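Working notes for the structure below.
The values are calculated or read from the model by the stated rules, or taken from the named source; none is laboratory data. Note that the structure is predicted; figures quoted are calculated from it, not measured. Neighbour counts run over all protein chains shown; Cβ positions are idealised from the backbone, glycine included.
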Amino acid sequence: MTLAAFVYQRRTGPTYPARGKADVAGTEIRYRLPRSALTTGPCRIMVAVREPEIGGYVSYRRFRTDDPLTRIVLEHEGDSLTAGLPRQPAAAKLAYQVHLRKGNETVSLTGDHFIVVRYRGDVPAAVLLPHILVIFLGMLFSTAAGLTALDKRSDPRKLAVWAAVILFAGGIILGPIMQQYAFGKLWTGFPLGSDLTDNKTLISLAVWAAALIAGRKGRDARKWILAASIITLAVFLIPHSLMGSELKWEQAAGM
């Protein structure tokens, strides 16, 4: 269940590449377009195209604005067409489309839909990898505690303690450190903001705290632990970075 949750999180969410295929004058083009980029340089757009007669451009504007679209010509680089969206500050978002042209036909790879890319600071691997490992280790103990709670011959309380402690370490200690590197803020969830990643961490820890309190002094807390495990699983099914940090362009103007 933990591995399934990990794969699901890696394949969903608004920051993982948008994948698909489109037909350009009889040629099938498969694409993988970025939705996350580092603030250290341009966001590199690359589409595999083997036919030299296919060209195109990228049109973009600042997300949630009525800015006119700006065009960047795609350049041939080996078997790919490439372009670079301009560098932006942390948490800034750009909306873009990739248009390919063959003969007299021009096609947007994503139709009328715009891809949204969010910029972030570079998070050191020494912070990122432990955060991911600890969070999913917490998911492992949470699931184990919930399954153990179903067996009346077993005591799930120790597993519940481990689940709560590990989730706290991953979500409240390592999570804010990672967010500080990525977006310059330690916490953007309740009560400071509406970041869903921070808020779902808060919800998960709150239900585990309730389960631990219910099980104090040896009291039976199976229903509480099972509920906490189910809620944690539901929380993990919410795509990562949904409603995440977003720079307001009026703030960017003052930078």
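For segment 40-55, which residues satisfy the criterion of being in contact (Cβ under 8 Å) with a residue 60 or more places away in the chain and surrounded by fewer than 17 Cβ atoms within 10 Å (Cβ to Cβ)? Even if it seems obvious, please write down each step before you answer.
Let us first name the residues in segment 40-55 that are in contact (Cβ under 8 Å) with a residue 60 or more places away in the chain, namely 40, 43, 47.
The answer is Thr40, and nothing else.
If the Cβ limit is 6 Å and pairs must be 6+ apart or interchain, which residue in segment 72-87 that is assigned to a strand (DSSP E or B) pairs with which residue that is of a type in the set (Ser, Thr, Tyr)?
Note: pairs meeting the criteria are Val73/Tyr57; Glu75/Thr82; Leu85/Tyr60.
Based on what the data block shows, is Leu202 touching a Phe, Trp or Tyr at 6+ places or on another chain (Cβ under 7 Å), at negative phi and either free of Cβ contacts under 8 Å to residues at least 12 places away in the same chain or part of a helix (DSSP H, G or I) (or both)?
yes
Quick one: Ile115 ticks every box in (1) β-branched (Val, Ile, Thr); (2) closer than 28 Å to Leu202 by Cα; (3) buried (at least 18 other Cβ atoms within 10 Å of the Cβ) bar one, so which box is it?
(2)
Please specify each residue of segment 25-39 satisfying the condition of being assigned to a strand (DSSP E or B), under 22 Å from the mean Cα position of the chain (by Cα) and surrounded by 15 or more Cβ atoms within 10 Å (Cβ to Cβ).
The answer is Tyr31, Leu33, Ser36, Ala37, Leu38.
Only one residue in Ala182, Ala149, Ala169, Ala160 is touching a strand residue (DSSP E or B) at 6+ places or on another chain (Cβ under 7 Å) and not assigned by TED's automatic domain parsing to the domain that holds Val24, so which one is that?
Ala182
For (1) buried (at least 16 other Cβ atoms within 10 Å of the Cβ); (2) of a type in the set (S, T, N, Q), each residue gets a yes or a no:
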site: Gly78; (1), (2): no, no
site: Ala83; (1), (2): yes, no
site: Arg87; (1), (2): no, no
site: Ala92; (1), (2): yes, no
site: Tyr96; (1), (2): yes, no
site: Thr106; (1), (2): no, yes
site: Val123; (1), (2): yes, no
site: Leu129; (1), (2): no, no
site: Thr148; (1), (2): yes, yes
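Here are some conditions: (1) at pLDDT 95 or above; (2) surrounded by fewer than 16 Cβ atoms within 10 Å (Cβ to Cβ); (3) over 22 Å from the mean Cα position of the chain (by Cα). Val58 meets all but one. Which one does it not meet?
(2)
Out of all the residues in segment 188-208, which are among the hydrophobic types (A, V, I, L, M, F, W, C) and touching a helix residue (DSSP H, G or I) at 6+ places or on another chain (Cβ under 7 Å)?
If the condition is that a residue be among the hydrophobic types (A, V, I, L, M, F, W, C) and touching a helix residue (DSSP H, G or I) at 6+ places or on another chain (Cβ under 7 Å), then Phe190, Ile203, Leu205, Val207, Trp208 are the ones that fit.
Of all residues in segment 61-70, count the ones that are exposed (fewer than 12 other Cβ atoms within 10 Å of the Cβ) and either in contact with a Cys (Cβ under 9 Å, 6 or more places away or on another chain) or part of a strand (DSSP E or B) (or both).
0
Under the condition of being at pLDDT 90 or above and surrounded by fewer than 16 Cβ atoms within 10 Å (Cβ to Cβ), which residue from segment 8-24 is farthest from the chain's Cα centre (by Cα)?
Asp23
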